[in-house]
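Q: Quick one: structure below, then a few questions.
Derivation of every value follows stated rules applied to the coordinates shown; laboratory data play no part. Everything quoted here is computed from the prediction, not taken from an experiment. Quick reminder, even Gly has a Cβ in these numbers, built from the backbone with ideal geometry, and neighbours come from all protein chains shown.
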There are 2 protein chains.
Amino acid sequence: MEPRAARITDVARLAGVSTATVSRALSKPETVAESTRNAVLAAAEKTGYRVNLSARNLRRQRTGAIVVLVPNLGNPFFSEILAGIEAALSEADINMLVVDTRQAHSKPQLILEYLHASRADGIIALDGSLPDEILAVAGADTGAPPIVFACEWTPNGAFASVRANNVRGGELAIAHLADLGHRRIGMITGPGTNVLTEARSRGALSALETLGLALDPAHLFPGDFSLNAGAGAARAWLGLDRRPTAVFCQSDQMAFGFISELSRHGVSVPADVSVVGFDDIAIARRFIPALTTLRQPRERIGMTAARLLMEHVRTNTTPAIETTILEVELIRRDSTRAPGG
Amino acid sequence: MEPRAARITDVARLAGVSTATVSRALSKPETVAESTRNAVLAAAEKTGYRVNLSARNLRRQRTGAIVVLVPNLGNPFFSEILAGIEAALSEADINMLVVDTRQAHSKPQLILEYLHASRADGIIALDGSLPDEILAVAGADTGAPPIVFACEWTPNGAFASVRANNVRGGELAIAHLADLGHRRIGMITGPGTNVLTEARSRGALSALETLGLALDPAHLFPGDFSLNAGAGAARAWLGLDRRPTAVFCQSDQMAFGFISELSRHGVSVPADVSVVGFDDIAIARRFIPALTTLRQPRERIGMTAARLLMEHVRTNTTPAIETTILEVELIRRDSTRAPGG
DNA sequence: AACCTTTATGTAATCGATTGCAGTGCGGGA
DNA sequence: TCCCGCACTGCAATCGATTACATAAAGGTT
């Protein structure tokens, strides 16, 4: 047996009322008489009625979903942000659609599909480097759904965003190393065009300047946040005559790659070189050595972005270009110590 | 200016045809005359028309989305599976809804909402321990959407699933350690009720038996796949008189926790004890020491599950209770060596 | 008693696209 | 010339729920 799914008319008939009353009894219970409400609820229960969302959404002109644009779903860095977003959305009974934007540059059409009110009520972008083509559509007040950036943001600053205080993170990393007595400090950066790279670098450079320390260009290792980039930087470090005694890695992943590759060449952290990471991903406290790093509240960033977006969805407004900055925290562990120890 | 979004009637008017023709020109182009088709496409382009999905879905009686039930979105283990699912779905222009099931036991109603045809055309469950209440509904042929399990599965085996050969993984882990000369082999398991725990343990135990080795109950450390569980097992290991010379950890995370905690107590891997993990997550090759582990093709598991599900969605059939098993591979790295070396 | 509120419910239009069925016009075969 | 079939296209019903508006009944006021 496979009975057709119950519709609102079935419930109405069984309860002896009109469909309008059923609809009201379920979504605005206080507007119908108690006896009627009970009859409707009983009938709904009996028939196993569940509202048809396509019909509701069509009528209400909304979708009940927001989409999250993730630069690379396979990267575990994003999972906690997603968890935060999901937690906030599920409270409000809103669905989370997840889309990987790896193809965004080759096939922007694919992503553009989502920037449309009939797909989603709003958008959270975790990817600051979406092609201009897409940003233009998202920014125009052509009825595209509201958009909020989380963690990353766009260089032109044309959208609301929720993010960590990356500049401060860069400052704290350098200040910590300098406190320990380091004077020759290197840095492994993210991708050159990335906004996080720029912010963390700016913080680090300004701290160095304040301290009267210069950054030797040979001690600046360009990376891309990945394990392999860290390993590559390690090989560059090994090739130097005058090596930095400490290195600020702009992501934990790069720190792991760096330490790991050094270890293979018999160089030990923190004995031979101190390392600071960024992110405080779960494994950081269990790496060997446990990694000193900057914690950014990824789950909270996700939740905050989701709440901000929902607010705009609810009030049907374009998000003001506001930037919410959440603080980072230096977590001291075992990968840093005084130089030459 | 915010012009109302173009509807199909707008396109029809501009192209001088009926809405029926517009609809056909867009979704079954070969059924309309070429000249008409061009006129429609031009009109669609000019008006910026995008089909309204709620309306289409209502009429077509489908949702164009499948939902993925994730036990804990914050756990990075799942991100690669999600990436695989997303890749397969996006090819077919199907959306991926992600839902965290952490609350499934306390509020099964919340998850039940999704087991309904008006929410999603199908379901992929990454969580083998959904409450019976939910499984009953999913299994009944009450019009609930088809469901496929990925990575995990249900103990009663009542659903189709795609998974790694966990039993074989357990066997390979033990065989590898025995090959190296280990005779006293311990094991850190996952949660007692988990199907993965059962399968991996079964493989390990049968391999031990084949080799004529027994598992000392004191060498069986109950865990839960987490970093902390591994650390806890390390403390138990340290407390033993006769310690195993090798330990098979049923997840990489536990292996990291185990190695890390041992390291804090001056015990070194693999010099003092060999360790095999399970999963081959990205960091495994960069841990210190690089982790010997069993690779399971997580992305491929995700893709395969998604394709299987889509097939059933397309043909509108309940998935036969078929089990697709993908092979695991032993990756030899530096955390294992001959005992007493 | 007449009139006004308030509360509860029903009627029917509406959201936007799809598709079964019916028509139209044209070309070819008998 | 007549008829049939084919290729297109249009008409209008349909998917299922929501909600503006109308109506009815009950209660309150003067």
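Q: What nm value, rounded to one decimal, do you get for the distance between A:ALA42 and A:ALA92 when each label is placed 7 Å out toward the C-beta?
A: Here the answer is 3.7 nm between the modelled labels.
Q: Okay, next question. Give the calculated FRET efficiency between B:ARG4 and A:VAL137 to the nearest 0.05, with a Förster radius of 25 Å applied to their Cβ-Cβ distance.
A: The pair B:ARG4/A:VAL137 has a calculated efficiency of 0.90.
Q: Cα-based Rg (one decimal) and Dmax (whole number) for region B:8-51, in Å?
A: Rg and Dmax of region B:8-51, Cα atoms, are 8.7, 23 Å.
Q: First obtain the Kirkwood hydrodynamic radius of region A:1-109 from its Cα pairs, then insert it into the Stokes-Einstein equation at 37 °C and 0.692 mPa s, and state the resulting D in µm² per second as a whole number.
A: 193
Q: Over 12 Å, how big is the tail of the calculated P(r) for region B:144-202, in percent of all Cα pairs?
A: 71
Q: Compare A:ILE188, A:ILE81, A:ILE288 in a GNM of chain A, Cα atoms joined below 10 Å, and give the one with the largest fluctuation.
A: Of A:ILE188, A:ILE81, A:ILE288, the Gaussian network model singles out A:ILE288 as fluctuating most.
Q: Kindly state, to the nearest 0.05, the FRET efficiency for B:ALA20 paired with A:SER18, given R0 = 35 Å and r defined as their beta-carbon distance.
A: Between B:ALA20 and A:SER18 the formula returns 0.65.
Q: Count charges around B:GLU30 for me, please; just the other residues with Cβ under 11 Å from its Cβ, Lys/Arg as +1, Asp/Glu as -1.
A: That sum, taken over residues with Cβ under 11 Å, equals +2.
Q: Still on this structure: What are the GluC sites (Glu not before Pro) within region B:236-341 that DSSP puts in a loop, where the Cβ has at most 14 other Cβ atoms within 10 Å?
A: Here the sparse-neighbourhood loop sites are B:GLU322, B:GLU327.
Q: For region B:216-311, report the % of Cα-Cα distances exceeding 21 Å.
A: In whole percent, the share of Cα-Cα pairs in region B:216-311 beyond 21 Å is 34.
Q: Can you pull a Stokes-Einstein diffusion coefficient for region A:179-238 at 20 °C (1.002 mPa s), Rh from Kirkwood over Cα pairs, as a whole number of µm²/s?
A: For the chosen part, D equals 176 µm²/s.
Q: Just to be sure I understand: chains A and B are related by a rotation, so which residue of A has its Cβ closest to that axis, and how close in Å?
A: Spelled out as residue then distance in Å, it is A:PRO76, 1.
Q: What is chain B by shape, rounded, prolate or oblate, if you read a ≥ b ≥ c off the alpha carbon gyration tensor as root eigenvalues and call it rounded for a/c under 1.5, prolate for a/b larger than b/c, and oblate otherwise?
A: prolate
Q: Taking H placed 1.01 Å from N in the peptide plane, check which residues at least 5 places from B:LEU294 or on another chain put their amide H under 5 Å from its amide H.
A: Here B:GLY277, B:PHE278, B:ASP279, B:ASP280, B:ILE331 satisfy the definition.
Q: Another one. Using θ = phi - 60° and the Karplus form 6.51 cos²θ - 1.76 cosθ + 1.60, what ³J(HN,Hα) does each residue of region B:308-314 get, whole Hz, x for Gly and Pro?
A: Per-residue couplings from phi come out as 4, 5, 4, 4, 6, 5, 5 Hz.
Q: Given springs between every Cα pair under 10 Å in a Gaussian network model of chain B, which of B:ALA104, B:ALA12, B:ALA207 has the largest fluctuation?
A: Result: B:ALA12 has the largest fluctuation of those listed.
Q: Tell me, what is the Rg over Rh of region B:96-227, with Rh the Kirkwood radius over Cα pairs?
A: Here the Rg-to-Rh quotient is 1.09.
Q: What list of ³J(HN,Hα) values in whole Hz, one per residue of region B:261-272 in order, does the Karplus curve 6.51 cos²θ - 1.76 cosθ + 1.60 (θ = phi - 60°) give from phi, with Gly and Pro shown as x?
A: 5, 4, 4, 5, 9, x, 9, 10, 10, x, 4, 9
Q: Follow-up question, since we're still on this one. Using the 2.2 N^0.38 Å rule of thumb for compact globular proteins, work out how region A:286-341 stacks up: its C-alpha Rg over that value, please.
A: Output field value: 1.80.
Q: Please list, short to long, the whole-number percent of alpha-carbon pairs of region A:140-286 in consecutive 5 angstrom bins beginning at zero.
A: For region A:140-286, the pair-distance distribution reads 2, 10, 19, 22, 19, 12, 7, 4, 3, 2, 1, 0.
Q: While we're looking at this one, here's another question. Can you list the lysines whose alpha carbon is less than 29 Å from that of B:LYS107, not counting same-chain residues fewer than 8 positions off?
A: Partners within reach: A:LYS28, A:LYS46.
Q: If you don't mind, there's one more thing I want to ask. So what's the back-of-envelope 222 nm ellipticity for chain B, counting only DSSP H runs of four-plus at -39500 (n - 2.57) apiece and dividing by all residues, rounded to 500?
A: -12500 deg cm²/dmol
Q: A further question follows. ³J(HN,Hα) across region B:240-255 via Karplus (A = 6.51, B = -1.76, C = 1.60, θ = phi - 60°), whole Hz, x for Gly/Pro?
A: 7, 7, 9, 8, x, 8, 8, 9, 9, 9, 6, 8, 5, 4, 5, 4
Q: Principal axis lengths of the protein assembly as shown from Cα atoms, whole Å, largest first?
A: That works out to 79, 66, 56 Å along the principal axes.
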